[in-house]
Amino acid sequence: MTIPHLTVRWLLALAFAALLLPPLVSRPAAAHDVPDEIIVNSFIRPESGRLVAVTRIPLSLFEGMALPKRGPGYLDLARIEGSLDRLVQAVTQSFILYENGERLGVPIAHTRFSQPSEDAFGTFEAAWSHVTGPDLPPQSNLFWNQGYFDVALVYSAASPDSRFGVDVLLGSGLSGRLKLFVQFLPPGGEPRAYQVHGGHGWLELDPSWHRAAFTFVSLGFGHILEGIDHLLFLLCLVLPFRLEHMWRLVGVVTAFTMGHSVTLLAAATGAVPEGNWFPPLIETLIALSIVYMALENIVGTWLHGQAATALRWRWLITGTFGFIHGFGFSFVLQEDLQYTGGHFLLSLLAFNVGVELGQLLFLLIVLPVLALSLKTVPAQRAGVMILSVLVAHTAWHWMLERMAALEYVQWPEVNFAVVTLLAIATLLAAYGALWLIRRRREVARIRA
């Protein structure tokens, strides 16, 4: 059974008219100013029989603790002694240290209030000497919200070679404003530097290989299921196919994973173009890839459904688009690369495994739903057409919005990376043009 030509023409008209409508799935624009940053610095160093954490915290974070004041808002350092225990307790409850999974006990605390001009946290040694040195004179004029509370916490620890972690609860209500810079200094090992937001939660200071692998599998799995771009691309990918194509579709999806794995590795190692033009260009190409896959579904349905034929070639175009999507993955992964520890390549592999697992889960959910919803061949073809129209309509508007952003970037001089990227885009465009020409000839042959 075939769809009448009148119905096909009506659906195609609907498809291209929908491209002019506002997108159904839109992303909220930024409607707030960039908040001021609150910076917390911390050094953590294991030593023989102990673990030392030296931390500098802006006084503004203790606004609700009613510290004694004098004059126009200066801290009354002569009467501050009674508040020190409360301050130290607040820090230890918001910055919890662990050894081999066990929470460390009550530490010995050294404290000091500091003026904004006292820059003593360039190194661990300088910070330790500053905190354990002479106190700020009681007569000092230190505004309650402009200086620092510096604290050195000394915990008893079994071994400097233990696995240490920290549960960062500090500033849990200020995740958009507070940044915590942590430097972990293992004895005889390479220092680890981390930048996390307020209320980050668990942070493995020197992760084992299996902890790093688990972390990045989880990141990859979560990212693919949260990325609307990638999910719409996958939806277009699987729409024309039925449950009997499941195992062959797994190969097609895996080709997508292999494609983005290559560019993700290149991006993670810095082998990508720099400049403000690159991210919006990639986002534009990602939207274009969704439009292309949707239009391919629409034209394929017009030709009375050719799932088997499309499946033989879809792995190629999917793998090619995977190169572009890999750059998109890299933009969100950059911040998380700090958690690889000494397991960089393993972590990248684990991230790709997580992405693949997320994609397979998507297949396992979507294909049965489509099979139950579109049981007959006419229903399947109509469903593919309508869903592809909606996806194309949304991705088309994304593409136009992202192309508009390209007007305000500074384009680079021609180099190898730029030429390579343009070559890939040109090949994709050429492939799409040849595919449309071939399909047009098939339509003409069918009508004849």
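Give the range 267-281 a look and list any residue that's open to solvent by 30 Å² or more (accessible area, probe 1.4 Å) and either of a type in the set (Gly, Ala, Ser) or within 30 Å of LEU370 (Cβ to Cβ) (or both), or say none.
GLY270, ALA271, GLY275
Name the single residue that is nearest to the chain's Cα centre (by Cα) among those in the range 110-120 being open to solvent by 20 Å² or more (accessible area, probe 1.4 Å) and farther than 17 Å from PHE43 by Cβ.
So, considering only residues that are open to solvent by 20 Å² or more (accessible area, probe 1.4 Å) and farther than 17 Å from PHE43 by Cβ, the one nearest to the chain's Cα centre (by Cα) is PRO116.
Do you know which of the residues in the range 166-207 that are outside any strand (DSSP E or B) and open to solvent by 70 Å² or more (accessible area, probe 1.4 Å) is farthest from ARG56 (Cα to Cα)?
The residue in question is GLY188.
Which of (1) in a strand (DSSP E or B); (2) open to solvent by 70 Å² or more (accessible area, probe 1.4 Å); (3) touching a helix residue (DSSP H, G or I) at 6+ places or on another chain (Cβ under 8 Å) is the odd one out, the single condition LEU153 does not satisfy?
Here LEU153 clears every test but (2).
Scanning for something touching a residue at least 12 places away in the same chain (Cβ under 8 Å), within 24 Å of HIS325 (Cβ to Cβ), in a helix (DSSP H, G or I) and open to solvent by 60 Å² or more (accessible area, probe 1.4 Å), does the range 365-386 turn up at least one residue?
No, the range 365-386 has no match at all.
Restricting to the range 232-263, count the residues that are open to solvent by less than 30 Å² (accessible area, probe 1.4 Å), assigned to a helix (DSSP H, G or I) and closer than 25 Å to TRP396 by Cα.
Number of matching residues: 14.
Between a first residue in the range 97-109 that is open to solvent by 60 Å² or more (accessible area, probe 1.4 Å) and a second residue that is part of a strand (DSSP E or B) and at pLDDT 95 or above, which pairs have beta carbons less than 6 Å apart while being 6 or more apart in sequence or on different chains?
Matching pairs, first to second residue: ILE108/VAL154.
Select, from PRO137, PRO160, the only residue that is at pLDDT 90 or above, open to solvent by 20 Å² or more (accessible area, probe 1.4 Å) and out of contact with any Asp or Glu (no Cβ under 8 Å at 6 or more places or on another chain).
Going through PRO137, PRO160 in turn, just one is at pLDDT 90 or above, open to solvent by 20 Å² or more (accessible area, probe 1.4 Å) and out of contact with any Asp or Glu (no Cβ under 8 Å at 6 or more places or on another chain): PRO137.
Residues of the range 62-93 being farther than 20 Å from PRO137 by Cα and open to solvent by 50 Å² or more (accessible area, probe 1.4 Å), which ones?
If the condition is that a residue be farther than 20 Å from PRO137 by Cα and open to solvent by 50 Å² or more (accessible area, probe 1.4 Å), then GLU63, GLY64, ALA66, ARG86, GLN89, GLN93 are the ones that fit.
Might you let me know whether the range 267-286 holds any residue that is more than 25 Å from ALA405 (Cβ to Cβ), assigned to a helix (DSSP H, G or I) and touching a residue at least 24 places away in the same chain (Cβ under 8 Å)?
No, because not a single residue in the range 267-286 is more than 25 Å from ALA405 (Cβ to Cβ), assigned to a helix (DSSP H, G or I) and touching a residue at least 24 places away in the same chain (Cβ under 8 Å).
Tell me which residues, restricted to the range 123-134, are open to solvent by 60 Å² or more (accessible area, probe 1.4 Å) and assigned to a loop (DSSP other than H, G, I, E, B).
Of everything in the range 123-134, those that are open to solvent by 60 Å² or more (accessible area, probe 1.4 Å) and assigned to a loop (DSSP other than H, G, I, E, B) turn out to be THR123, PRO134.
For the range 54-94, give me the residue count where each residue is touching a helix residue (DSSP H, G or I) at 6+ places or on another chain (Cβ under 9 Å), within 20 Å of LYS179 (Cα to Cα), touching a residue at least 40 places away in the same chain (Cβ under 8 Å) and of a type outside the set (Phe, Trp, Tyr).
Selection size over the range 54-94: 7.
Which count do you get for residues in the range 165-190 that are modelled with pLDDT of 90 or more and over 15 Å from THR55 (Cβ atoms)?
Counting residues in the range 165-190 that are modelled with pLDDT of 90 or more and over 15 Å from THR55 (Cβ atoms) gives 2.
Could you tell me which of the residues ALA417, ALA395 is surrounded by 15 or more Cβ atoms within 10 Å (Cβ to Cβ) and either at pLDDT below 80 or farther than 20 Å from CYS236 by Cβ (or both)?
ALA417 is the lone residue from the list that is surrounded by 15 or more Cβ atoms within 10 Å (Cβ to Cβ) and either at pLDDT below 80 or farther than 20 Å from CYS236 by Cβ (or both).
The values are calculated or read from the model by the stated rules, or taken from the named source; none is laboratory data. Just so it is clear, the structure is predicted and the values come from calculations on it, not from any experiment. Ideal geometry is used to build each Cβ from the backbone, glycine not excepted, and the neighbour counts take in all protein chains shown. For accessibility, only protein heavy atoms count, side chains too; no ligands or nucleic acids. Shrake-Rupley method; radii C 1.70, N 1.55, O 1.52, S 1.80 Å.
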